[in-house]
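Take a look at the structure set out below.
The values are calculated or read from the model by the stated rules, or taken from the named source; none is laboratory data. Computed from a predicted structure; not experimentally measured. Neighbour counts are summed over all protein chains in view; Cβ atoms, including those assigned to glycine, are modelled from backbone coordinates with ideal geometry. Each accessible area value is taken on the protein alone, full model and side chains, heavy atoms only, with ligands, DNA and RNA left out. Shrake-Rupley method; radii C 1.70, N 1.55, O 1.52, S 1.80 Å.
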Amino acid sequence: MSDDFRNARPHGLPPADPVRPAGDVPRAGAFKVVTSLTNPTIKEIRALQLRKHRQETGLFLGEGAKLAADALEAGWPVRTLVLAHDAIAQPFVARTAATARARGALVIEANNAVMVKISRRDNPQTVVGVFEQHIGGLEAIAAAGPGIWIALEAVRDPGNLGTIIRTADALGAKGVLLVGETTDPFGLEAVRATMGSFFHVKLARASLAAFLEWRKGYRGQLVGTHLAGAVDIRTVSWHTPAMLVMGNEQAGLSPEMAAACDALVKIPMSGAADSLNLAISTGIALFEMRRGALTL
């Protein structure tokens, strides 16, 4: 069966958003039905599973109708939405697809075999999106205004990174700074672990050398967690701007990063475990920093 491009309103999708004056919104995107695994567009989308291709194109994949809706709500550029055939009749999915199409995205209706190939899951999500990457440098910290940032040095696990981004969103951190060689924040597993928070938390990256040079002019509080920390995290007097510095899952903070901190703190533990998972410890530390600002 050949693939079918259609510019008319597809069955099951409500009309696109009302068109505003020229220049306000992009030209409405197309609609395409795809059933072939060898379709060139699908092959390009599948290639985004590879970090090299994500770096070359500046695009990445995200799964789920809620994640796509979160991206659109945040004004994040959406290039393509792939919808499972049986999901188009769902009102929430249809509204999300119509909004994306009105903003210029290509909307694809695909069968289950195509959805499985794209997501590499036997039970794929009903929506997979292709989004533009956005990540800043150290200048993004000042641009975001006073607040708390999380700096992650050489984080390796994408699940940890995604969970930390979600935690930063939940507890009101300004953003997450990736220092040194880290896992790709735009990888599918990392994005999946954010549960949609990816589009609400600013991301930045820097080499360790660039960070240490930038730190000389940073007037905020720089606090790192460390097994050799001499300060109980519960006793610290927090103020903003501030940066919580967390180290690699296995090695912790490098000596250079530890030396750059104003204080090294430790999370007290009473069990037999000698350490905590990176995402868990980041959540505990960030909660302590934000405790006074959080309300029910």
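Taking the charge dipole of the chain about its Cα centre, with +1 at Lys and Arg Cβ atoms and -1 at Asp and Glu Cβ atoms, the residue from Ala259, Thr167, Ser197 reaching farthest to the positive side is Ser197. Using the Cβ-Cβ distance between Glu181 and Asp274 with R0 set to 35 Å, the FRET efficiency from 1/(1 + (r/R0)^6) comes to roughly 0.85. Put the Cα centre of segment 201-276 next to the Cα centre of segment 114-178 and the gap is 20 Å. Taking 32 Å as the limit for the C-alpha separation, the pairs Lys174/Lys266; Lys117/Lys174; Lys32/Lys174; Lys66/Lys117; Lys32/Lys52; Lys66/Lys266 exceed it in the case of Lys117/Lys174; Lys32/Lys174; Lys66/Lys266. In this structure the chain gives 49 Å² per residue of accessible area when probed at 1.4 Å with all protein chains present.
Its relative contact order, with pairs defined as Cα atoms under 8 Å and 6+ residues apart, puts the chain at 17 percent. In percent, rounded to a whole number, the relative contact order of segment 99-234 is 22, using alpha-carbon pairs under 8 Å and six or more apart. Applying 0.36 nm per residue to the separation of Glu56 and Asp232 and subtracting their alpha-carbon distance, the gain on full extension is 58.9 nm. Roll a 1.4 Å probe over the protein heavy atoms and report the accessible area of Phe287 in Å², nearest 10. My reading of the accessible area for Phe287 is about 80 Å². Here the convex hull built on the C-alpha positions of segment 19-162 has a volume of 155 cubic angstrom per residue. Membrane-span-like helices in the chain, defined purely by DSSP H runs whose alpha carbon atoms cover 15 Å or more axially and whose average Kyte-Doolittle hydropathy reaches -1.0, are 91-102, 158-171, 278-290. In the chain, taking the dipole from charged Cβ atoms about the Cα centre, the farthest positive-side position among Ala228, Ala47, His239 is held by Ala47. At a 1.4 Å probe radius, carbon and sulfur cover how many percent of the accessible area of the chain? Summing carbon and sulfur atoms, their accessible area is 53 percent of the total for the chain. Classify segment 208-296 as rounded, prolate or oblate, taking a ≥ b ≥ c as the square roots of the eigenvalues of its Cα gyration tensor: rounded when a/c is under 1.5, otherwise prolate if a/b is larger than b/c and oblate if not. Cα axes put segment 208-296 in the oblate bin. Based on every Cα atom in segment 105-234, Rg and the maximum pairwise Cα distance Dmax equal 17.5, 57 Å. Just so you know, the Cα atoms of the chain work out to an Rg and Dmax of 21.5, 67 Å. Taking every protein chain into account, the 1.4 Å probe leaves Trp214 with about 60 Å² of accessible area, to the nearest ten. The magnitude of the dipole of the chain, with charges of +1 and -1 set on the Cβ of Lys/Arg and Asp/Glu and taken from the Cα centre, is near 560 debye.
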